[in-house]
Each structure stands twice: as structure tokens, then as C-alpha cells.
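Accompanying notes for the structure given below.
The values are calculated or read from the model by the stated rules, or taken from the named source; none is laboratory data. Here the structure is a predicted model, which means the values were calculated and not measured. Reconstructed Cβ throughout: ideal geometry from the backbone, glycine too, with neighbour counts over all protein chains shown. Surface accessibility is based on the protein's heavy atoms, side chains included, excluding ligands, DNA and RNA. Shrake-Rupley method; radii C 1.70, N 1.55, O 1.52, S 1.80 Å.
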Amino acid sequence: MEEFAALIDALVYTRSRNEKLRLIAEYLRATPDPDRGWALAALSDGLDFPAVKSSTIRNLLKDRIDPVLWTLSRDFVGDTAETASLLWPAPDAPPSPPTMSETVALLGEMSRKTVLTELPKLLDRLDSSGRYALLKLATGGMRIGVSSRLAKTAFAQAFDVSVDEVEEYWHGLTPPYADLFAWAAEGADPPDIENLPTFRPFMLAHPLEETVVDLQDYAAEWKWDGIRVQLVRAGGETRLFSRSGDDISTTFPEFLDILPINAVLDGELLVRGTHQGGEEGGAASFNALQQRLGRKTVSKKMLTEYPAFIRLYDALLIEGDDVRTLPWTERRGRLEALASRLPGSHFDLSSVVEAKDFDHLAQIREGSRVDAIEGLMLKRKDSPYIAGRRVGYWYKWKRDPLLVDCVLMYAQRGSGKRSSFFSDYTFGCWDGDPDKGADLLPVGKAYSGFTDDELKKIDRHVRSNTINRFGPVRETDKSLVFEVAFDSVHESKRHKSGLAMRFPRIHRIRWDKPPHEADRIEALRALIAD
Amino acid sequence: MAAPFSWIKPEPHGIYIPPADCWVDPSRAVDRALVTHGHADHARGGHGETVATPETLAIMELRYRTGAEDDAGEIPHRAVPVEYGETIRLKGGVDATYIPAGHVLGSAQILLEHAGERVIVTGDYKRRADPTCPPFEVTPCDIFITEATFGLPVFEHPPIEEEMAKLLERLRAYPDRCVLVGAYALGKAQRVIAELRAAGHHDPIYLHGAMEKMCRLYEEHGVNLGELRLVADATKDDILGHIVICPPSALNDRWSRRLPEPITAMASGWMRVRQRARQRNVELPLVISDHADWGELTRTIKEVDAQENWITHGREDALLRWCQLHQRRARALALVGYEDEDD
Ligand SMILES: [Zn+2]
Ligand SMILES: [Zn+2]
């Protein structure tokens, strides 16, 4: 655990990606199994200890230190695990740190009941750095600037194997990844995942921006506004994965018994309707899909009211055949042949958009807003299916964002690196004529779209224009206008304004604009897509 | 008879003493100021008369050119030196005694006495040993006006030897780089250098130009800093494997590009909090402060054992809460103009 704690500390203070890779790789080489496997799992968010929550830590500390002093400290430090690691009273006995494996085993055994007596025993065995590492590990999500991808890249680098291969096996394995280490570090056979319904990393697209492509070489498809999914059948089991590789099979049970053959398919999950692409488009707005997302159980009513289907984009494996190395045109042919054998109730094929040339395609794209589609995808006709984002193969050509002027209403302190800044903003539009006494109603929240310098300026504005404090939230005097960009706006019962924006972000800060000139709710309502 | 302590008035711009018509550490120019130490949030330029230790006056002269002549060839500023332990009688029967505060060279607590009542203004202070100034002296009083810069229980400054060992270990591990330490130009920089010497590090230490004069001033006051060289006079090769000291503002500045692959370190009590170190892009945080940490603050309040504690610039809320929990009378003073020093 000391070595892991030292690694975490070193990573926290390292800026350079190469240096981070080097530190992790060195640790993975020097640490024995299974400790290094648990560490890799921790760095790639592969560990979960449901008994230990942020609130558990808070409760433990409030028994040991005055609650007011705890809250003041937590607010200043900005991170519960770190605050607790600093405030935990030093035990009388010298530290006797557990190994990684012992730590993971002990954390895994804890229940909601025992955690309040067991976690303190573990904390007492560690110094302040060790406590920080332990609490980060236990609550999941290290948030130390190491992505899951970076951890895997470091693994590949440590043992001189290809990261694509690591990604390929990754989702079929569980911590502490004994087979993966045996293969990479000791030269054993690669892990066998052929008969496992595991997730394969998606191929992703770059934004097109100023690039102009030749339609001789590229095919265009609509970019549908649902969620990207991967449907996998292998070893007699079918699973549905989201873009991040999360298993969402139980939320969409209608797909679990529908594939007649073993395959790995890439597509867009949508709900039947007419908003996207009209009657023949056949898909409802994202808002309709949202009714189905995140549910643990699904009622019959849900299934009939919001019937989901997958619009197929691509295929990775078909009946044991890995087609990823084939050019897109060939894969498309295989996909079309396969699609004709699948039930139309649950599948259709994302059609190819025909255009004479690039300008013609641009015109077609302009029309896509009316059709409530996100934009276009451009795929190089000879592109293989490669995990991740490779330049030159796939482009996304989103339509331009919508813009509206809003007034800053509330600001909340951020977390992590932004913990000492007010960086999360709630903004509103006027519910009528502001000069006749209309109020602002909140219409959205944004945390991005500004530079570090702008953040500092907004933070200063918030601090000197606060009129009310509610815990970590400040209400401001509504004097600052943001030009907010967003992809679309929908009806929503959750907000008082009755509207919800999709992907709002701060586009420009209008220091110059008087707040009464910001937009009214009606202006936003006019942009509703569904 | 006047009400108790009516002769001392906390105002937004400093502590005012009506019978003597003078201010302690005022944040704007006044006719007569008593100054605890040379940091900018305590010592401002432009006063008519400044009462301070000779070291503090020398620092102020360096920073504000308070010794400069005006157009008429006269020095408009009057400097009144007071040695440690010396008492000076002010107008209106107020006595002021300067007592070591252990913060930086020349730093003093000011004991004010009037009509049998005793008030101490600490300015900034710490309780740890510091080779560049005499240690804080606990002095009994009725009202103790204490700073609270690190007034949160998360702040515990480790022994400075540990931090020096970390720094020297990193220096040895990267002989083809250098370690650039950001340190406040007055006090912190000289203390770090003196502690490095005490730890047996006698190699030349390189300085950012902004550090030079203050280091020389320290040496003139008897603090031996060993061999110091200016970055401006050196080549990249000269600096390889050496320690370089600069003001915190220069850490991520263009200036540092002239150094051979610097490892960025910062000497500050704030470095105890990881996110603070990350915000400043620090690779090697050194938790070194010239202020009292939480343990020192609370211990000092107990040892001084005043009837009442007034808490100034810093995190007043938490220290106030601690006083309340320990049945000690306390209030927070809302002074303006004090900032978190890069300490
Ligand atoms: Zn100071
Ligand atoms: Zn100060």
C-alpha cells in the first residue's frame, strides 16, 4: 500500500503525460501479483466498494472532529477523501500498512454496518498519504488526472505489448487481471475472450472543422441523436453496451433474445417516432429515449410506449469472423446482408446519404436541423474499424450550435482542480419583459466553454456580486450575461421554465451586455426541437 | 474613567489607538504607524512616521525607498527604530514594546499598554525554530490579537528537516536537471537557504534577480546564506544539478525557460493541500511556512491565556469556533487589505 500511495502522490503532482506513463509502468513492473493488478484496477476505475461512500467518510470524521471544523476544512480543501486523510487523528501505534491485496480484501468484506468500525482500523494503519490513497481507492474514481486509457497505455508500455490488444482483452477480464499480466509480463497465451460477450472499444470520429473531403473517398451517414451502443452475442449470451463500455442490457431487455447469430454490432439506440428525419426517419427525439435510460427495471408500458430499436452503423464480428480489418465498403456489404436477416421491429440500417459533391452535402446538412438530427458522419470508404480516434478515417460534421443570451443566477464551487473557484453556473432567461418587472427563470447549467483566465474573472465576479449564500452555492446579483451554446432544447417538467437544453456550454462572456437585453424564455421556446 | 479597552479600536484599515493617534499595520498611508514586520500586507509605504524594529525599517527602506529625499532635499519620512525588548512611550500615555514573533527577520509582536491594560498585536508569527530570526516569546496580556492565516485543522506543517531532505533527495536523483523553488522573496527564501546550509548543502544556490537585494540585506543583518549566484550571470550548464530560488510568480513564467529542465517546487504552507499544489503546477510541494499552523495557533492561545482573543486575517471562522469550543472569548476582526501571502 505504501508503494501505491507513493505512486498516487507522484501522479497527483506530475503534469507530463509521458512522466505519468513512466511512473505507472515502473510501478507495474516492480510490484508483484496480485497487488499490481489491484492497482491497475484502481487506476482504471475497475474497483467498486459499495459500502464505502463519501458520506461514510463524512460520518466517520464527524464522530472524531467538531462538525463545524470538519465542514470548514472540507470546503477549503475541496475533496472529502483528502480532507479526511489530513484530519484523521494520528494513531499511537506506528503505521503497519496492509498490502494492496489485503486492503482490497478488507474493503470488499465491509458492509454498510461494519464499515463504521472496520474502515477506521484500516485508516489507523496508514500515514496521511496512505490514508489518502486508501480513501480514494475505497470511494472509487481517483480523479488524479489518470484516465482508464492512460492506465492501459502504461500497462502496454510496461510490458511492451500493443495497447489495442490490451483494450481488446480488457473487457473480458476482471481485476486483478491475472491472465493479462501472465500474457504481457510472462509471455503466456493471450486471454481467451472468443466465447465471452465482451465489449470491444468503439471506433470514434474527429470533428471535421475546416477539413474538406472528397466524396469519392468518403461515404456520408446521418448522425442520429440517440446513444451509441454495441450489441454483442457470444457464448450463448447477448449484451448491450453503452459508448463507455457500461453494460446496459437490463435497461433494454428487448434485445437480449433477438440476435440469431454470434456478432458484435455498432449502432445508435433510438426510440420509434417521427422527430428525427420525419416519417421515414422513424426515430423520436433524444428526449423520448431519455425516458428509457438509467432504469433498473422496465415496465411493459415503457416497452410499448417507448419501443427502442438499433440503427446499425457497422459490424465488428459476424459469426466468428473478425471483419474489423476489412475496408468500410466491405463491412457495409456484410452488414447489409446481415440486416436483412434481422427483425425490422428491432433493427434497421443507417442509410447512406447520397450527395453529388461536398457542397451539395453541405446543403443537405443545413436541412438537418429541421429534421432534428445531430449532423453528418463522414467515413473513409477504405477505413478499417480501429479502436479509438484516428485522424483521417471518420469525421463528425455536426450542425452549428444554437445560441442564446442568458443571465448568470447561481454559481457553485467546482471540484478537484477547480475546488477553490466558482465554476458551475446556473443561468436563466427572462420570463417576460424585464423592464416591466419580469423575473429570470433558470434554463440550464454549464461548467465548460471558458478558459482558465475567464474562469478566474467569473469567479471574481461571483465573489464580489454575491447576494445570498446557500452552502456551496452563491446567488449573484444577476448582472452578468453569458452567450450560451447548446445542441438542442426540449420540453422538461423538471425545470420551472419547462425547458431543458442539451449540451449547454458557455460560448462567450458578454461583460459588455446589460442583463435586461438577455433573451426571453419565448425565444428559447421557439427553438424547441420536439 | 474610560470604558475598558476603549483606547484600542479595530478599524477596517488597521488597529487604531486614539490616545496615541497612531495605527498598527495600517493598510493605507497614515501619519504614524507601528509596523510588526516588512511583508507588504502589514508594511505599506507612504506613512509620515514608522515605528518598527531596525530590521523592519531597513526592509521598508529597501522596498518603498522610505529613506529617499523629496524635492526640497529633505527626508519626509521619519523612521523610529525600536529594538526587541525595548519600550517606547507614545502620546497619550500608551507604551509600546516590541517582542520577537519568529516570523521573518525583524518581525515583532507589539505589546501595547495603557491604564494598566495590556494588548498584544502579533502581526504574523510561528513557533518553529528559524535560523533567520529570534523565536516567538509568549507574553501575558489581556487581549491577544492573533493572525489566523493557517487557521484550519488540516494545516500541520511538518518538521522542516523532512522537507529539506525531500528537496535534496530530488536534486540528487536528477543531476541533469535543476530544482526551481518558488519562495516568498522576504523571509521564506532566506529561511530555505539557511536551512539548506544547516542540512549540509554548501553548493552555490542560484537566485532570480528579484531575490538578490533582500538576501544581501539578510546577510548584512548577520544571517549567513553561503555562496549565492545570479541566474542572469550563469549558463544552463552552470545550473545543472543546482537549486534555484525565485519568487512564486516566476515559477511558470517565461523566465524559467532559461533553466535546464527545472523541477518545479514551491515552499509554502498551502502545499499541504494537493489541489493547491496542482493549481500552481507544482511537481515538488514543500510544506514550509513562516506562519503558525493550527496546532501552534491553538497552543499559543492557550499559553498566552488572554481574557479575550481577537482574530485577524486568515481563516477566522475555524479558530473562532475552536475558541468557542474551549470556552475562550474571541471575536473576528474584519480587517481589509490582508491577503493570503504566498507563504
Ligand atoms: Zn507576514
Ligand atoms: Zn500577514
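So here's what we get for this one:
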{"read-out": "Under Karplus coefficients 6.51, -1.76 and 1.60, residue-wise ³J(HN,Hα) of region B:79-84 in Hz, glycine/proline x", "value": "9, 10, x, 10, 6, 4"}
{"read-out": "Average beta carbon contacts from partner chains per residue of B:322-329, 10 Å cutoff", "value": "1"}
{"read-out": "Dipole magnitude (debye, nearest 20) for chain B, charges at Cβ of Lys, Arg, Asp, Glu", "value": "940 debye"}
{"read-out": "Interface area, A with B, accessible, probe 1.4 Å, both sides summed, Å² nearest 100", "value": "2500 Å²"}
{"read-out": "Positive-end residue, the protein assembly as shown charge dipole about Cα centroid, Cβ charges, pick of B:LEU286, A:ALA284, B:LEU62", "value": "A:ALA284"}
{"read-out": "Within-10-Å neighbourhood charge of A:LEU122 [Cβ basis; K, R +1; D, E -1]", "value": "0"}
{"read-out": "Convex hull volume per residue for region A:1-50, taking Cα atoms only, in Å³", "value": "81 Å³"}
{"read-out": "Dimensionless Rg ratio for the protein assembly as shown, taking C-alpha atoms and the 2.2 N^0.38 Å reference", "value": "1.14"}
{"read-out": "GluC sites (Glu not before Pro) within region B:262-343: DSSP coil, no more than 12 neighbouring Cβ in 10 Å", "value": "B:GLU339"}
{"read-out": "Largest to smallest accessible area among A:THR304, B:THR312 [probe 1.4 Å]", "value": "A:THR304, B:THR312"}
{"read-out": "Solvent exposure of chain A as accessible area per residue, Å², 1.4 Å probe", "value": "45 Å²"}
{"read-out": "Chain B, accessible area per residue, ligands and nucleic acids excluded (1.4 Å, Å²)", "value": "40 Å²"}
{"read-out": "Sulfur and carbon atoms: percent of accessible area, the protein assembly as shown [1.4 Å]", "value": "47 percent"}
{"read-out": "Accessible-area value, B:GLU137, 1.4 Å probe, nucleic acids and ligands omitted, Å²", "value": "90 Å²"}
{"read-out": "Restricting region B:162-231 to GluC sites (Glu not before Pro) in coil, as DSSP defines it, with at most 12 other Cβ within 10 Å", "value": "B:GLU227"}
{"read-out": "In Å², nearest 10: area of B:ARG63 left accessible to a 1.4 Å probe", "value": "80 Å²"}
{"read-out": "Complex-versus-alone comparison for region A:404-427, residues with a loss of 30 Å² or more in accessible area, probe 1.4 Å", "value": "A:LYS417, A:SER420"}
{"read-out": "Relative contact order of region A:2-139, defined on C-alpha pairs under 8 angstrom at six or more residues apart (%)", "value": "36 percent"}
{"read-out": "Long-range amide H partners of B:ALA330 with built H, under 5 Å", "value": "B:ASN309"}
{"read-out": "Rounded to 10°, Cα long-axis angle of helix B:188-198 versus longest principal axis of chain B", "value": "60 degrees"}
{"read-out": "Helix B:294-304 axis, angle to chain B major axis (alpha carbon atoms, nearest 10°)", "value": "30 degrees"}
{"read-out": "Other protein chain Cβ atoms within 10 Å, averaged over every residue that makes up B:129-136", "value": "0"}
{"read-out": "Alpha carbon centroid spacing (whole Å) that separates region A:223-281 from region A:444-489", "value": "38 Å"}
{"read-out": "Karplus (6.51, -1.76, 1.60) ³J(HN,Hα), θ = phi - 60°, over region B:46-59, in Hz, Gly and Pro reported as x", "value": "x, 6, x, 9, 10, 9, 7, 5, x, 5, 4, 4, 5, 5"}
{"read-out": "Which of B:ARG28, A:ARG365 is most accessible, then next, and so on - probe 1.4 Å", "value": "B:ARG28, A:ARG365"}
{"read-out": "Given charges at Cβ of Lys, Arg, Asp, Glu: region B:220-279 dipole, positive-most of B:VAL273, B:GLY241, B:LEU259", "value": "B:VAL273"}
{"read-out": "Student exercise, the protein assembly as shown dipole from Lys, Arg, Asp, Glu Cβ charges, in Debye to nearest 20", "value": "1820 debye"}
{"read-out": "B:THR66 accessible area, assembled protein chains, probe 1.4 Å, Å²", "value": "20 Å²"}
{"read-out": "Largest-first ordering by accessible area, 1.4 Å probe, given options A:LEU87, A:LEU134", "value": "A:LEU87, A:LEU134"}
{"read-out": "For B:THR36, residues with placed amide H under 5 Å, excluding near neighbours", "value": "B:ASP25"}
{"read-out": "Positive-end residue of A:PRO89, A:PRO191, A:LEU527, charge dipole of chain A with Cβ unit charges", "value": "A:PRO89"}
{"read-out": "At least 20 Å² of accessible area lost relative to the chain alone, listed for region A:64-107 with a 1.4 Å probe", "value": "A:ASP66, A:VAL68, A:LEU69, A:LEU72, A:SER73, A:PHE76, A:VAL77, A:GLU82, A:LEU86, A:LEU87"}
{"read-out": "Interchain or long-range residues, amide H under 5 Å from A:ASP424's placed H", "value": "A:GLN412, A:GLY414"}
{"read-out": "Inter-part distance where region B:242-262 and region B:15-53 are each reduced to a Cα centre, Å", "value": "34 Å"}
{"read-out": "Cα long-axis angle, helix B:316-325 against chain B (0 to 90 degrees, to the nearest 10)", "value": "60 degrees"}
{"read-out": "Region A:261-406 - charge dipole about Cα centre, Lys and Arg +1 at Cβ, Asp and Glu -1, debye rounded to 20", "value": "520 debye"}
{"read-out": "Whole-angstrom gap from region A:43-79 to region B:119-168, using each part's C-alpha centre", "value": "29 Å"}
{"read-out": "Helix-derived mean residue ellipticity, 222 nm - over chain A, DSSP H n ≥ 4, -39500 (n - 2.57), to 500", "value": "-9500 deg cm²/dmol"}
{"read-out": "Whole-Hz ³J(HN,Hα) from phi, Karplus 6.51 cos²θ - 1.76 cosθ + 1.60, for region A:441-450, glycine and proline x", "value": "10, x, 10, x, 9, 9, 10, 9, x, 10"}
